[in-house]
Amino acid sequence: METAKSKTVRERKLKGKVVFDIQKCKGCELCITACKEGGLKLSEKLNSKGYRYIIANNDLCTGCINCALVCPDAVITVYRTDGKKKKIDVNTDDKKKEKDIISSILKEIE
Ligand code: SF4
Ligand code: SF4
């Protein structure tokens, strides 16, 4: 039997998706500062010019386009989605399911 304590339901509105031309990114971090959702970070890897490049967690993106506006090198394209709600159930008693959800989120931001 599931209890209210053992289960957390998070609801997200997917409103935006950002795509990068990583070879043009210089890792200046202006877009990271501009993103109020905290959805951007620098990669651990380097691009062909030797810079760490930007990667996104699109689950956090609202499509506000702030990142694209501040980027001096036109690296970022923002797509707005339909704002459809997506429910993610996280049952903290089911460690395998929780691990799978975390893996899928991490895979998306790599
Ligand atoms: S569009 Fe807005 S919310 Fe999405 S990554 Fe860029 S600054 Fe962040
Ligand atoms: S603002 Fe542009 S060049 Fe600077 S880190 Fe972000 S995507 Fe890269």
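Taking a sphere under 12 Å around the Cβ of Thr77 and counting the other residues whose Cβ falls inside, with K and R at +1 and D and E at -1, yields a net charge of +2. Ordering Arg52, Arg80 from the fewest to the most neighbouring beta carbons within 10 Å gives Arg80, Arg52. Computed 3J(HN,Hα) for region 22-38, one whole-Hz value per residue from the Karplus formula 6.51 cos²θ - 1.76 cosθ + 1.60 where θ = phi - 60°, is 4, 6, 8, 6, 9, x, 6, 6, 4, 5, 4, 5, 6, 7, 6, 8, x, glycine and proline marked x.
Here, each number is a calculation from the coordinates, and none is a lab measurement. Quick caveat, the model's predicted, so the values are computed rather than measured. Virtual Cβ from ideal backbone geometry, glycine too; neighbours counted across all protein chains shown.
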